[in-house]
Every structure is written in structure tokens, then in C-alpha cells.
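The values are calculated or read from the model by the stated rules, or taken from the named source; none is laboratory data. Small disclaimer: the values here were computed from a predicted structure and weren't measured. Cβ placement follows ideal geometry from the backbone for every residue including glycine, while neighbour counts extend to all protein chains displayed.
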Amino acid sequence: MSTPLAPARATRLPLAVRDSATMLRRNLLHARRYPSMTLNLLLTPVMLLLLFVYIFGDTMSAGMSAGMSAGAGGADRSAYIAYLVPGLLLMTVGSTTIGTAVSVATDMTEGIIARFRTMPIHRGSVLVGHVVGSVLQCVLSVVLVGAVAVAIGFRSTNATALEWLAAFGLLVLFATALTWVAVGMGLSSPNAEAASNSAMPLIFLPLISSTFVPVDAMPGWFRPIAEYQPFTPAIETLRGLLLGTGIGHNGWLALTWCLGLAVLGYFWSKSLFDRTTKR
């Protein structure tokens, strides 16, 4: 009968950090050896960025507020790029974390966790390695999508260094929160395919947020759906930080959503993982 994952060492912080670093290295090596999942998920926001800028850009900007419709052609497109990019950066975070759900589900179904149970390693290091690895991949994905956005004309000339730092912090916090939720989805799924399907709301929710058009431009019956979800306040906060516009109450709403999802995801994941590893 297998033994639990190092209960005697659970309170020894240096060893827990070492084990977590080992698990992080393992997950990063897996991501490097099998990049197809990350690339497929990364292509979604990049393709949407190019599609909405070059195919729908002039039309979408013409239908938005007068402040974003300063002229025709290039002027309209530049304004719409500025509006679109913050939403797609957060959409990139959501799509990247789907890979985490798949990776966790794969670990749980292929027997590696049973092998870890026989080794003197910190119990939580397995999940910590997945979370930290996913956040690092999210940051890298956001940088790549941001580079594409800059290449096609996105500029953030009004943002100060402090606002850039706050925007980066929001992206990391949002990635951490969604990653813990994705870990829970992976642990609760019977296989990798089911994990991929259960995590699809992380891509679907940005599509019905303020990513592409303002909430005020949506039908009245649909506005509450778009407004009272985690992505919209985070997008509006990031948009305000990068473009120098007002944030209003969205900053507090974004932080509340991030902290709430992170706590919920952490305890959900911990409960499922403890239940599984104690069998």
C-alpha cells in the first residue's frame, strides 16, 4: 500500500520550496517538449486580434462612441486597436490556463501521482509546480500577443511607469486566480479531453465581455451578463491603466474577482487533491 506524500516534511518550508521548484522544472520541461497545446491556445487570441483589426476594424470602430470614431480608415483602426488589445491580453490568460487543466488531468490519469505518493516529497509541491508554471506561461503568452499588437499599431503613450507596473500585477494576479480554477477543473475531470471541455468557459467568457465592444453598446437584456462576470471589470481596469482612461469601480471589482477566484480555486483544488492522494 502506498504512503502519503511526505506528511512529516509538510511543515518544513525550505524542503517544500525545493520540491516545488523541482515540480516547476518538470512542468516547464513538459511544456517545452510538447509545445503544440500552448501554441494552439495562443493562436486563438492572435487570430482574433488580426481578424478584428484588419477585417472588422473600420466597421467596429465606426459603430462605437464618437470619441473612438475620430476619422476614417487608419485613425479609426488605431483607436479600435487601442480598445481591443487589453481585452485580448486577458483572453490570452484565459486560453493559456486551459493547458493547465489538461496537464493536471493527464497527471491524475496516467499514474504519475501514484508514483509521487511513494516518494518523500511535499504534498502540495505537485500543485504549486503546475500553478507557477502556468503563470509563467501566461506571462510569456501575454508578452507574445502584446508584441504582435505593438507590431500592428498598438501604443500606450499615456500610461506611466506605475500604471504599467499595476497592469502587469493585474495580469499576474488574474492568471494566478484562473490557474487555480483550472487546476480544480483538471482534478475533477476523468480524462484530459473532459478537462479541456470543462475549461472552455475560460475562453468563452471573454467573448461575451467588453473585449470587442463596450457594454453600453450591447442589447439591454444582455448587459448584465457581460457586466457582472470576472473578465469585464478586469478588462476595463487594464484598459484604463494602459490607455490612461478612467477605471471607476472596476478596479475594486477586478481585485475582488481575482482574490475570490484564487481562494475558491485553491481550496477546491486542495480538497480534490487531498481526497485523491489519500485513497
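Within the stretch 132-149, the residues that satisfy the criterion of being buried (at least 22 other Cβ atoms within 10 Å of the Cβ) and either free of Cβ contacts under 8 Å to residues at least 24 places away in the same chain or of a type in the set (Gly, Ala, Ser) (or both) are Gly133, Ser134, Ser141, Ala149.
Annotation note: of Ala147, Ala182, Ala159, Ala166, the sole residue that is modelled with pLDDT of 90 or more, under 18 Å from Leu88 (Cβ atoms) and small (Gly, Ala, Ser) is Ala147. Criterion applied to Phe231, Phe267, Phe273 was being free of Cβ contacts under 8 Å to residues at least 60 places away in the same chain and either within 30 Å of Ile113 (Cβ to Cβ) or buried (at least 19 other Cβ atoms within 10 Å of the Cβ) (or both), and the one residue passing it is Phe267. Note on the stretch 124-145: residues that are within 30 Å of Ile81 (Cβ to Cβ) and of a type outside the set (Val, Ile, Thr) total 7.
Within the stretch 241-264, the set of residues being among the small types (Gly, Ala, Ser) and surrounded by 21 or more Cβ atoms within 10 Å (Cβ to Cβ) comprises just one member, Ala254.
Please verify whether Leu261 is in contact with a Leu (Cβ under 8 Å, 6 or more places away or on another chain) and closer than 24 Å to Arg155 by Cβ, treating the condition exactly as stated. Criteria not met by Leu261.
Looking only at the stretch 120-136, filter to residues that are in a helix (DSSP H, G or I) and of a type in the set (A, V, I, L, M, F, W, C); which one of those is nearest to Ala147 (Cα to Cα)? Here the answer is Leu136.
Within the stretch 246-261, the set of residues being in contact with a helix residue (DSSP H, G or I) (Cβ under 7 Å, 6 or more places away or on another chain) and in contact (Cβ under 8 Å) with a residue 40 or more places away in the chain comprises Ala254, Trp257, Cys258, Leu261. Taking the stretch 159-170 as the range and being of a type outside the set (Val, Ile, Thr) and in a loop (DSSP other than H, G, I, E, B) as the test, only Ala159 passes. When every residue of the stretch 203-211 is checked against the conditions, none turns out to be out of contact with any Gly (no Cβ under 9 Å at 6 or more places or on another chain) and over 18 Å from Pro45 (Cα atoms). Checked against the criterion of being within 24 Å of Phe52 (Cβ to Cβ), under 16 Å from the mean Cα position of the chain (by Cα), surrounded by fewer than 18 Cβ atoms within 10 Å (Cβ to Cβ) and of a type in the set (A, V, I, L, M), the stretch 169-176 contains not a single residue that satisfies it.
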